[in-house]
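Below is one structure; the comments refer to it alone.
Please treat every number below as a calculation from the coordinates, not as lab data. The structure presented is a predicted model; accordingly, all values stated were derived computationally and were not measured. In this analysis, Cβ positions are derived from the backbone assuming ideal geometry, glycine residues included, and neighbour counts consider all displayed protein chains.
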Amino acid sequence: MKKVVLALSGGVDSAVTAYLLQKQGYEVHGLNLLTWGEDTQRQDVQEIADKLNFEVSFLDIRQAFRLQVIQPFLDAYNDGLTPSPCLFCNPQVKWAAIINKANEIGAEFVATGHYVSLKKDENGFAQIWKASDPKKDQSYMLSFLTQDLLQRTLFPLGTYSKAQIRAIAAELGMSVSTKPDSQDLCFLACGDYRDFLREHSDRQPLTGPIYNREGKLLGEHQGLPFYTIGQRKGLPASTEALYVIDKRIEDNSLIVGFLSELGSDTFYVDKLNWLDGKTLLEPITVETKIRYRATPVEAIITPLDAKHALVKAVNNLRDITPGQIAAFYQSDRLLGGGEIQ
């Protein structure tokens, strides 16, 4: 029987993932990662493991999580970016931990409860495809996984809807069948990221001027990290709604404008990652998503070097935000992604 290490969060998705893996003939070993705050999931995790009769380990990785996820998150906001920490946490922290555990116990595979499907092409390359349920598809969040990681990963939930997963958990008599979905970033606990920055950052945001594009002073902002491109809330009153269109770190100023001034059809990305591990050598046409919930739009990617590219969309994109991730698709297949500059 082949062994698999499952990232077991204590939620309904990872619980049913364990059950589905067992049905497929795998010997499951659960691994619960304590990344931040207090250990509030242990009881649910142990209950799942006991219910399905498999071993589970608990690993405190709060120190590594602080160094590899929290600090870059804080630094990015202080540098005028709007970061996407989950996309880098997945390969650097989550997969690293479950792969290490798999190596330790001699397991060939690892697994998670993400809603995506994995397929192998004719050359044996592992490919991520969107989930059958578009409302739950999480392929965007996996844009920075590598071929080495994907070759050992299983994603059992790709063909299920959330309602089906909850129904399976209920049939098994699992108390987590009605447990609410986790929201936002795991370390925010549904709180406001601004409060998190105030509490944990060693660089407290400074107030500064708000200008329009013509350089007219309109008011004072409360700190550049507290604003994001496209934001409307918290800006000076105007006869026409104002939006954040730029954050100038060099003089700590916030630039605002009207909706017609917001957005572009062109942007740059760096930290390019292609799931097949290859380097893009010539322009290709893709669909790109610049937010997790954004509608994909057609675009042409022109490589500048192995890690940088120019992306030109067929129409204007309103909320192009430095620090966010652009994920690239062809049909329902995820090709990879890059960080918007």
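So here's what we get for this one:
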{"read-out": "Residue of Ile290, Ile128, Ile210 that the Gaussian network model of the chain assigns the largest fluctuation, springs spanning Cα pairs under 10 Å", "value": "Ile210"}
{"read-out": "Efficiency of FRET between Glu171 and Phe58 - r from beta-carbon atoms, R0 45 angstrom, step 0.05", "value": "0.95"}
{"read-out": "Residue-averaged 222 nm ellipticity for the chain, from DSSP H runs of 4+ at -39500 (n - 2.57), nearest 500", "value": "-6000 deg cm²/dmol"}
{"read-out": "Antiparallel DSSP beta bridges within segment 3-178, as percent of all bridges there, nearest 5", "value": "25"}
{"read-out": "Pairwise centroid distance, computed over Cα atoms, of segment 1-62 with segment 248-278, Å", "value": "38"}
{"read-out": "Label-point gap, in nm, between Asn315 and Lys135 - each point 7 angstrom along Cα→Cβ", "value": "2.5"}
{"read-out": "Potential extension, Gln147-Lys3 segment - 0.36 nm per residue separation minus Cα distance", "value": "49.8 nm"}
{"read-out": "The chain: most fluctuating residue of Gln222, Gln92, Gln324 per GNM, C-alpha cutoff 10 Å", "value": "Gln222"}
{"read-out": "Percentage relative contact order, the chain, counting C-alpha pairs under 8 Å, at least six apart", "value": "16"}
{"read-out": "Compactness of segment 1-138, expressed as Rg and Dmax over alpha-carbon positions, Å", "value": "16.2, 50"}
{"read-out": "Net length gained if the chain between Glu122 and Glu220 were fully extended (0.36 nm per residue, minus Cα distance)", "value": "29.5 nm"}
{"read-out": "Three-way shape label, segment 264-340, alpha-carbon gyration tensor, a/c 1.5", "value": "rounded"}
{"read-out": "Rounded tilt (10° steps) of 42-52 against the dominant C-alpha axis of the chain", "value": "40"}
{"read-out": "Angle in degrees between helix 162-171 and the longest Cα principal axis of the chain, rounded to the nearest 10", "value": "30"}
{"read-out": "Computed label-point distance, nm, for sites Glu250 and Ser161 using a 7 Å Cα→Cβ extension", "value": "5.3"}
{"read-out": "Most fluctuating residue given options Lys162, Lys278, Lys119, as computed from a GNM of the chain linking Cα atoms under 10 Å", "value": "Lys278"}
{"read-out": "Subset of Lys51/Lys135; Lys3/Lys94; Lys3/Lys51; Lys2/Lys119; Lys247/Lys307 violating a 21 Å alpha-carbon distance limit", "value": "Lys51/Lys135; Lys247/Lys307"}
{"read-out": "With Cα atoms, 0 to 90° folded angle of helix 95-105 axis to the chain main axis", "value": "20"}
